[in-house]
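The values are calculated or read from the model by the stated rules, or taken from the named source; none is laboratory data. Please read these numbers as outputs of a predicted model, since none were measured by experiment. Every residue, glycine among them, receives a Cβ derived from its backbone with ideal geometry; neighbour counts consider all protein chains shown.
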Amino acid sequence: MSFFDNWYRGDATLKAEPDGELVKLFNEKGDGKVLDIGCGQGRNSLYLASLGYDVIAVDVSKHAIIQLNQNVKLLGYDIEGIVCDIGDYSFSEKYDIIVMSNVLQFILKRVEQINIIYKVMEYITTNGIIFIKVPLTEMQLESQCFRNGMLNRLFAHSEYNWEILLDNNKFVAPKKDFEINIFVAKKS
Ligand SMILES: C[S@@+](CC[C@H](N)C(=O)[O-])C[C@H]1O[C@@H](n2cnc3c(N)ncnc32)[C@H](O)[C@@H]1O
């Protein structure tokens, strides 16, 4: 059983509110397709579904998806919860919004983190939006690679064109031990 399965089986509850930056970006009715990677208990999936989006929510933890499904049943939203490691997820269609909030740091191998970012770049529609939130902590070695504009460079060198709507990565030196990078890119 994964760390997160154990965690969700306890009383752990993640924040119920969606990410504030996501709410600023999407606050009108929509009808596109969303992929929420590492959706957890589904706060962002539920929010986007409440706006009318058709959401696929993927998480490696079975218990996260069980809890998400309980909420989906209560609220009657259009969300398909899938238990899957994102590294094994077979991308077969394009999405209008892809969300990766607080998940990349748990994908431990750098090459896998980058492979997922490349996959997401490929499977977003033109004008589609990729929303990434990743902590740049001193503590979590796995996320330190996202410092110093790494996401920005990856997108700048991709084969597609991007409009960077938000990139608040100001972490250039280990001055403080916690900072979050919100990175939002639109495919053009
Ligand atoms: C801190 S939680 C964030 C949950 C949600 N995105 C949110 O912001 O509320 C991280 C989630 O990523 C999931 N996760 C970790 N590694 C994963 C992987 N390789 N594939 C899919 N999900 C993964 C965990 O099971 C957990 O639910």
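Here is how the numbers come out for the structure above:
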{"quantity": "Residue within the stretch 52-61 that is out of contact with any Asp or Glu (no Cβ under 6 Å at 6 or more places or on another chain) and exposed (fewer than 14 other Cβ atoms within 10 Å of the Cβ) present", "calculated": "no"}
{"quantity": "From SER101, SER92, residue being under 14 Å from ILE37 (Cα atoms) and small (Gly, Ala, Ser)", "calculated": "SER101"}
{"quantity": "Answer from ASP19, ASP96, ASP54, ASP85 - the residue that is farther than 25 Å from LEU165 by Cα and acidic (Asp, Glu)", "calculated": "ASP85"}
{"quantity": "Verdict on VAL23 being within 14 Å of the ligand (Cβ to nearest atom), aliphatic (A, V, I, L, M) and in the same structural domain as ILE132 (by TED's automatic domain parsing)", "calculated": "no"}
{"quantity": "Which listed residue, of SER61, SER101, is in contact with a Leu (Cβ under 9 Å, 6 or more places away or on another chain) and in contact (Cβ under 8 Å) with a residue 12 or more places away in the chain", "calculated": "SER101"}
{"quantity": "Tabulated pairs, the stretch 173-186, first closer than 15 Å to LEU154 by Cβ, second at pLDDT below 65, C-beta under 9 angstrom, 6+ apart or interchain", "calculated": "ASN181/SER143; ASN181/LYS170; ASN181/PHE171"}
{"quantity": "Residues (touching a strand residue (DSSP E or B) at 6+ places or on another chain (Cβ under 6 Å) and within 13 Å of the ligand (Cβ to nearest atom)) located in the stretch 59-88", "calculated": "LYS62, ILE65, LEU68, GLY81, ILE82, CYS84, ILE86"}
{"quantity": "The one condition in (1) within 24 Å of ILE182 (Cβ to Cβ); (2) crowded, with 19+ Cβ neighbours inside 10 Å; (3) not aromatic (Phe, Trp, Tyr) that GLY81 fails to fulfil", "calculated": "(1)"}
{"quantity": "Any helices (runs of 4 or more DSSP H) falling wholly within the stretch 1-108 and containing at least 3 residues that are under 18 Å from the mean Cα position of the chain (by Cα)", "calculated": "20-25, 43-50, 62-75"}
{"quantity": "Of the criteria (1) away from the ligand (no atom under 12 Å from the Cβ); (2) over 21 Å from TYR118 (Cα atoms); (3) touching a helix residue (DSSP H, G or I) at 6+ places or on another chain (Cβ under 8 Å), which one ILE97 fails", "calculated": "(2)"}
